[in-house]
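The structure under discussion appears below in the form of C-alpha cells.
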Amino acid sequence: MTVGNLQQRIQHIEHTIQEACDRTGRKRTEVMVVAVTKQVSAKRAGEVLAEGIHDLGENRPEGLLGKQQEISEGAVWHFIGNVQSRKVKDVINQIDYLHSVDRLSIVKEIQKRATKTIDCFVQVNVSGEASKSGVAPEELQQFIEEAAAYDKVRIIGLMTMAPFTEDQDLIRSVFRSLRELRDEMAAQQLEHAPCTELSMGMSNDYIIAIEEGATHVRIGTALVGAESEVDA
C-alpha cells in the first residue's frame, strides 16, 4: 500500500465517522481512532503516525516493543489484546492505555509492576460467547468494586467485541448493552472508575459502534491493510 492509498483510507474512514456522528448528533471530537498496527510493519505504523493518527494499537508484547524501538516519539500506545499475568511487567510501563482488563489477577499485577496509574478499560463479554474473554455483565459491578483497592488502575471505561456476523441488529444490541452498562457505572461517580469511555468497534462494525456511543474505535484492516510487511 502506498502512502497515497493510506491517505485515501484515512479520508474514507474520517468521512464515515463524520457521517455517523452527524446522524446521531455527536461531535467528531468525541471519537478517537486507534490504528491497529498489529499486522503491519513499524514502517507502516510510522506512516500512519505521519498522517496524523497518533493512537496506535498492538495486541502482543513483542509487536509493541518491536515497534517502539523504531518509533521513539509521537505515538500514544494502546495495548488492545489479552495479556498474560506474567507478561504484564513487559508492557505496562510502555503503554498509555490497556483495553483488556478482564480478571483481578491482571489488576493485581498492574498494581505490582506499574510505575504510574494506568488508564484501563474493563473488557466485558456482552455476547456471552465462549470464545471471547471478558467479565460477565452480571459480575461487572463486583469486579469494579474489588478494583478500588488498587490505585495503579484507573478504570476509564468498558470494552467489548461484537460477534463476527453480518447480523447488524445483533451487533448493535451488543454495543447498546455495553453503553447501558457504562452508563450505570458512570452514574456511580466512582473515583477509581469514572467509566466515561467506550472502546468498541473494529474495521467491520465501527460505524455501528459510533452510532451506539463508542469513544474509541480500533481500526486495523480498513485503515492500515491486512498483509504483513517486512521493512526494507
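The values are calculated or read from the model by the stated rules, or taken from the named source; none is laboratory data. Predicted model, so just to flag it, every value in this text is computed and none were measured. Don't worry about glycine lacking a Cβ; one is built from the backbone with ideal geometry, like all the others, and counts go over all protein chains shown.
Quick notes on this structure:
- Pick from the range 14-42, criterion under 20 Å from the mean Cα position of the chain (by Cα) and among the acidic types (D, E), ranking: farthest from E197 (Cα to Cα): E14
- Scanning the range 197-212 for residues being over 14 Å from the mean Cα position of the chain (by Cα) and within 18 Å of G25 (Cβ to Cβ) gives a total of 4.
- Taken as a whole, the structure leaves R113 outside the set of residues that are modelled with pLDDT of 95 or more, over 23 Å from I208 (Cα atoms), within 17 Å of the chain's Cα centre (by Cα) and not aliphatic (A, V, I, L, M).
- Some residue of the range 193-202 being β-branched (V, I, T) and under 17 Å from Q123 (Cβ atoms): yes
- Number of the exception - S105 against (1) exposed (fewer than 14 other Cβ atoms within 10 Å of the Cβ); (2) small (G, A, S); (3) farther than 21 Å from L158 by Cα; (4) in contact (Cβ under 8 Å) with a residue 12 or more places away in the chain: (3)
- Residues being farther than 19 Å from L170 by Cβ and assigned to a loop (DSSP other than H, G, I, E, B) - total across the range 181-217: 9
- Residues in the range 13-38 that are farther than 13 Å from Y206 by Cβ and either modelled with pLDDT under 95 or in a loop (DSSP other than H, G, I, E, B) (or both): G25, R26, K27, T37, K38.
- The condition of being more than 17 Å from the chain's Cα centre (by Cα), basic (K, R) and in a helix (DSSP H, G or I) holds for R172.
- The range 43-81 - residue that is buried (at least 18 other Cβ atoms within 10 Å of the Cβ), part of a strand (DSSP E or B) and among the hydrophobic types (A, V, I, L, M, F, W, C) and, of those, nearest to the chain's Cα centre (by Cα): F79
Each row is one residue, and each column tells you yes or no for (1) touching a residue at least 12 places away in the same chain (Cβ under 8 Å); (2) loosely packed, with under 13 Cβ neighbours inside 10 Å.
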{"site": "E145", "(1), (2)": "no, no"}
{"site": "P163", "(1), (2)": "yes, no"}
{"site": "Q168", "(1), (2)": "yes, yes"}
{"site": "R182", "(1), (2)": "yes, no"}
{"site": "M185", "(1), (2)": "yes, no"}
{"site": "Q189", "(1), (2)": "no, yes"}
{"site": "C195", "(1), (2)": "yes, no"}
{"site": "M202", "(1), (2)": "yes, no"}
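- Sole residue being over 23 Å from L65 (Cβ atoms) and surrounded by fewer than 20 Cβ atoms within 10 Å (Cβ to Cβ), chosen from K132, K112, K89, K116: K132
- From the options L140, L190, residue that is under 19 Å from S127 (Cβ atoms) and not small (G, A, S): L140
- Filter result for the condition that a residue is at pLDDT 95 or above, more than 25 Å from D205 (Cβ to Cβ) and among the aromatic types (F, W, Y), over Y97, Y150: Y150
- Test: residue in the range 13-27 that is polar (S, T, N, Q) and crowded, with 16+ Cβ neighbours inside 10 Å: no
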